[in-house]
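Asker: Got a structure for you, written out below as structure tokens; questions coming shortly.
The values are calculated or read from the model by the stated rules, or taken from the named source; none is laboratory data. Since the model is a prediction, treat every value here as computed from it, not as a measurement. Note that we place each Cβ from the backbone using ideal geometry, even for glycine, and neighbour counts take in every protein chain shown. Note: areas computed on protein heavy atoms with side chains; ligands, DNA, RNA excluded. Shrake-Rupley method; radii C 1.70, N 1.55, O 1.52, S 1.80 Å.
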Amino acid sequence: MYTNGYIFRYAAILVILAAAFLSLASVLLKPFQERNKAIDKMEGILSAARVEGVNATNAIPYFNKYIVEELVINPKGDVVSNYTKSPKDEAPAFKLDLKMELYKKAHNKPYVLPLYIADKDGQKIYIIPMRGTGLWGPIWGNMALSSDLNTVIGVYFGDQSETPGLGGEIKSAKFKDQFIGKEIFDKNGDFTSIEVVKGGVKKLPTGQRIHGVDALSGATLTSNGVNDMIKDVLDSYLAYIKKNR
Amino acid sequence: MSTEKMEKEPLFSAKNIKLLTGPVNLNNPITVQVLGICSALAVTAKMKPAFVMFLAVTVVTGFSNLVISLLRNGIPPRIRIIVQLVVVATLVILVDQILKAFVYDVSKQLSVFVGLIITNCIIMGRLEAFAMGNKPWPAFLDGVGNGLGYGLILLVVAFFRELFGSGTIFGFEIIPHSLYQAGYENNGMMILPPMALITVGVIIWVQRYYNRSLIEEK
């Protein structure tokens, strides 16, 4: 009853129609999606700097208000470009794809890094975007350092698919708040990063507790992912940090 | 002419209403047919994602049933599953794109589960069992009915999980602060998928208690 020719024609027409329909939808919805992604990124940056009351509706004005400088730096610590104009989301640093840059780094190709500087009630805050791998997928975040480029003001984490209730808890205030006031350099000025310690910071010697936070119980691999992400990313920014301390 | 009109079924005849309400209780896709369990466990930690998932699945079941029913006489039987998948996948991608454009935070929470609607057994089941052999309007109602049945269970499960797991409903705090000060703590277990399975089990138990016809004879 149905010839092979009919089946092929039927399948071809159906698939072409479906593809055309989806392409149209994608093109029409793209501007909204891009805007949502940009807003999400802004919320993450402001949240690391502990700006209060940021949500999806006011993220753009808040971002324009608090962020004063957006830098692109190279691994040697030199500033490649510096953007202070408005609107802030037009900055080269904001448009930079950190995933792509870290990929270039992993393959020993030249890369650049974004860095945001916020002015919160006269306090200068450096915000470093981070990206790494969790247990099931990518994790990302931002770390805000105070003007001494040593003390942590706050952090923000996000994940694509960490286990809810376990690894997903990296997004919880309880985990993030531990980072506040921690330091990334020891007394001799050597880089220590911030260690996510399995079993808790009390396992560290007293003097080193300022460089560690408690890992999440039941989420060792996600905690390790956070630990490595902070260490690797801060390491890439180290030249800039050391130059400007 | 008048006899033809008489034969035409009203849009909401008793039979059509039954297509809509049957899956909500006695033919429920989750508690009676035990389909679509995986997503029911995954997205029910909070009410909001459960509600959005309910809408998404209802739209997809309704419209995929409608489209397949419209095409049913032209679909070559040898490639019918592929045709069904193309239709379902198109609708699911569309829903995913719309969620990303307009409710980004919920879309982040639902993450992969919207994409996985494609593999939701309820949808393929309804297409094969109903849409391939019925007219578009009843097929659409059947799809929406199954979406409602799925969504109802999702919302009931999410209600209990959010209430006891986070102390909130739709993000609003329900459990008073004084209770927390008195030593009450949210039950972290409720957030994890195993408790969703147990909650679904309790719902099945309660449903069968009131509907003895559902209990299998030994």
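Asker: Cα centroids of segment A:71-126 and segment B:47-114: how far apart, whole angstrom?
Answerer: Computed from Cα coordinates, the inter-centre distance equals 39 Å.
Asker: Give, as ranges by residue number, the residues of segment A:116-153 whose backbone N falls under 11 Å from the point 7 Å along Cα→Cβ of A:LEU221.
Answerer: A:134-137, by backbone N distance to the label point.
Asker: Can you work out the accessible area per residue across segment A:1-101, with the rest of the protein chains kept in place, probe 1.4 Å, in square angstrom? Display every interim value, and only then the final one.
Answerer: Details: 5920 Å² over 101 residues.
Ligands and nucleic acids excluded, the result is 59 Å² per residue.
Asker: Starting from the Cα-Cα distance between B:GLU217 and B:ASN187, subtract it from 0.36 nm times their residue separation and give me the gain in nm to one decimal.
Answerer: Details: separation 30, 0.36 × 30 = 10.80 nm, distance 3.72 nm.
Residue separation times 0.36 nm, minus the Cα-Cα distance, leaves 7.1 nm.
Asker: Identify, among B:PHE63, B:ASN120, B:LEU155, the residue whose Cα sits farthest towards the positive end of the charge dipole of chain B, taking +1 on the Cβ of Lys and Arg and -1 on the Cβ of Asp and Glu, with the dipole about the Cα centre.
Answerer: Farthest along the dipole direction, towards plus: B:PHE63.
Asker: Still on this structure, I have one more. Give the accessible surface of segment B:29-206 per residue, rounded to a whole number of Å², with probe radius 1.4 Å and ligands, DNA and RNA excluded.
Answerer: Details: 7770 Å² over 178 residues.
With all protein chains present, segment B:29-206 gives 44 Å² per residue.
Asker: Moving on. What FRET efficiency do you get for A:HIS107 and A:LYS30 if R0 is 45 Å and r is their Cβ-Cβ distance, rounded to the nearest 0.05?
Answerer: Details: r = 29 Å, r/R0 = 0.65.
Given R0 = 45 Å and the Cβ-Cβ separation, E is 0.95.
Asker: May I ask you to rank B:ILE118, B:ILE153, B:ILE198, A:ILE210 by accessible area, largest first, using a 1.4 Å probe over the protein chains only?
Answerer: Numbers: B:ILE118 40, B:ILE153 10, B:ILE198 95, A:ILE210 65 Å².
Result of the area sort, largest leading: B:ILE198, A:ILE210, B:ILE118, B:ILE153.
Asker: If you place +1 on the Cβ of every Lys and Arg, -1 on the Cβ of every Asp and Glu, and leave all else neutral, what size is the dipole of chain A about its Cα centre, to the nearest 20 Debye?
Answerer: On the way: 31 positive and 26 negative charges, 50 e Å.
The dipole magnitude comes to about 240 debye.
Asker: Points 7 angstrom from Cα along the Cβ direction at B:PHE159 and A:GLU183: gap in nanometres?
Answerer: If labels sit at B:PHE159 and A:GLU183, their model points lie 5.5 nm apart.
Asker: A follow-up question, please. Which order do A:PHE8, B:PHE164, B:PHE130 take by accessible area at a 1.4 Å probe, largest first?
Answerer: Heavy-atom accessible area, descending, gives A:PHE8, B:PHE164, B:PHE130.
Asker: If the chain between B:TRP205 and B:THR119 were fully stretched, how many nm would it gain, using 0.36 nm times the residue separation less the Cα-Cα distance?
Answerer: 28.3 nm
Asker: Around A:LYS242, under 14 Å between beta carbons, what's the net of Lys plus Arg minus Asp minus Glu among the other residues? Please report the intermediate quantities before stating the final value.
Answerer: On the way: positive: A:LYS76, A:LYS243, A:ARG245; negative: A:ASP78, A:ASP148, A:ASP186, A:ASP190, A:ASP235.
After counting each charged neighbour, the total is -2.
Asker: With a 1.4 Å probe and every protein chain kept in, tell me what percent of the accessible surface of chain B is carbon plus sulfur.
Answerer: Solvent-exposed carbon and sulfur of chain B make up 69 percent of the total.
Asker: With an 8 Å cut-off on Cα pairs and a minimum separation of 6 or more residues, tell me the relative contact order of segment A:49-162 in percent. Before the final figure, lay out the partial values.
Answerer: On the way: 204 pairs, mean separation 24.3, N = 114.
Contact order relative to length: 21 percent.
Asker: Further question on the same structure: Which value, in debye to the nearest 20, gives the size of the charge dipole of segment B:129-218 about its Cα centre, when Lys and Arg are +1 and Asp and Glu are -1 at the Cβ? Walk me through the numbers on the way to the answer.
Answerer: On the way: 5 positive and 6 negative charges, 59 e Å.
Dipole magnitude for segment B:129-218 comes out near 280 debye.
Asker: Which residues does a label at A:ARG245 reach in segment A:167-198, if reach means a backbone N under 14 Å from a point 7 Å past the Cα toward the Cβ?
Answerer: The answer is A:183-194.
Asker: Counting only protein heavy atoms and using a 1.4 Å probe, what share of the accessible area of segment A:110-245 belongs to carbon plus sulfur, as a whole percent?
Answerer: On the way: 2970 of 5960 Å².
Heavy-atom surface of segment A:110-245 belonging to carbon and sulfur, 1.4 Å probe: 50 percent.
Asker: Given A:ALA173, A:SER161, A:THR3, which one lies farthest toward the positive end of the charge dipole of chain A, if we put +1 on the Cβ of every Lys and Arg and -1 on the Cβ of every Asp and Glu?
Answerer: With unit charges placed on the Cβ atoms, the residue in question is A:THR3.
Asker: Something else about it: Against the longest principal axis of chain B, how steep is helix B:193-210, in degrees 0 to 90 to the nearest 10, with axes from Cα atoms?
Answerer: In chain B, helix B:193-210 runs at an angle near 60 degrees to the longest axis.
Asker: Could you name the lysines in cross-link range of B:LYS46, using Cα to Cα under 21 Å and dropping any fewer than eight places away on the same chain?
Answerer: A:LYS171, A:LYS174, B:LYS100, B:LYS108
Asker: Report which residues of segment A:5-34 become buried by 50 Å² or more of accessible surface when going from the isolated chain to the complete set of protein chains (1.4 Å probe; DNA, RNA and ligands ignored).
Answerer: Buried by 50 Å² or more upon assembly, which counts only protein chains, are A:ILE7, A:TYR10, A:LEU14, A:LEU22, A:LEU29, A:GLN33.
Asker: Using only Cα atoms and rounding to the nearest 10 degrees, what angle (0 to 90) does helix B:47-71 make with the longest principal axis of chain B?
Answerer: 10 degrees
Asker: Determine the shape class of the protein assembly as shown: with a ≥ b ≥ c the square roots of the Cα gyration tensor eigenvalues, call it rounded for a/c under 1.5, and otherwise prolate if a/b is greater than b/c, oblate otherwise.
Answerer: prolate
Asker: May I pose another question? Any idea of the total accessible area buried by the B-A contact, 1.4 Å probe, rounded to 100 Å²? Intermediate results must be reported in sequence, preceding the final value.
Answerer: On the way: alone 12550 and 13610 Å², together 24110 Å².
Roughly 2100 Å² of accessible surface disappears when B and A pair.
Asker: Consider just the alpha-carbon atoms of chain B and return their Rg together with their Dmax, both in angstrom.
Answerer: 19.6, 75
Asker: Per the helix-only calculation at 222 nm, which mean residue ellipticity applies to chain B, given -39500 (n - 2.57) for every DSSP H run of n ≥ 4 and division by its residues, nearest 500 deg cm²/dmol? It would help to have the intermediate numbers written out before the result.
Answerer: Numbers: 11 runs with 142 residues, N = 218.
Mean residue ellipticity at 222 nm (helix-derived): -20500 deg cm²/dmol.
Asker: Report, ordered by chain and residue number, the lysines lying within cross-link reach of A:LYS242, taken as a straight Cα distance under 22 Å and ignoring same-chain residues fewer than 8 apart.
Answerer: A:LYS76, A:LYS105, A:LYS124, A:LYS182, A:LYS187, A:LYS231
Asker: I've got another one for you. Report the extension gain between A:PHE191 and A:THR84 in nm, rounded to one decimal, defined as 0.36 nm multiplied by the number of residues separating them, less their alpha carbon distance. Don't jump to the answer; show the numbers that get you there.
Answerer: Working: separation 107, 0.36 × 107 = 38.52 nm, distance 2.95 nm.
Fully extending the segment from A:PHE191 to A:THR84 adds 35.6 nm.
Asker: Follow-up. Could you tell me the accessible area of B:GLU216 in Å² (1.4 Å probe, neighbours in place), rounded to the nearest ten?
Answerer: Using a 1.4 Å probe on the heavy atoms, I get roughly 130 Å².
Asker: Got a number for the accessible area of B:THR21? Probe 1.4 Å, square angstrom, nearest 10.
Answerer: Rounded to the nearest 10, the figure is 80 Å².
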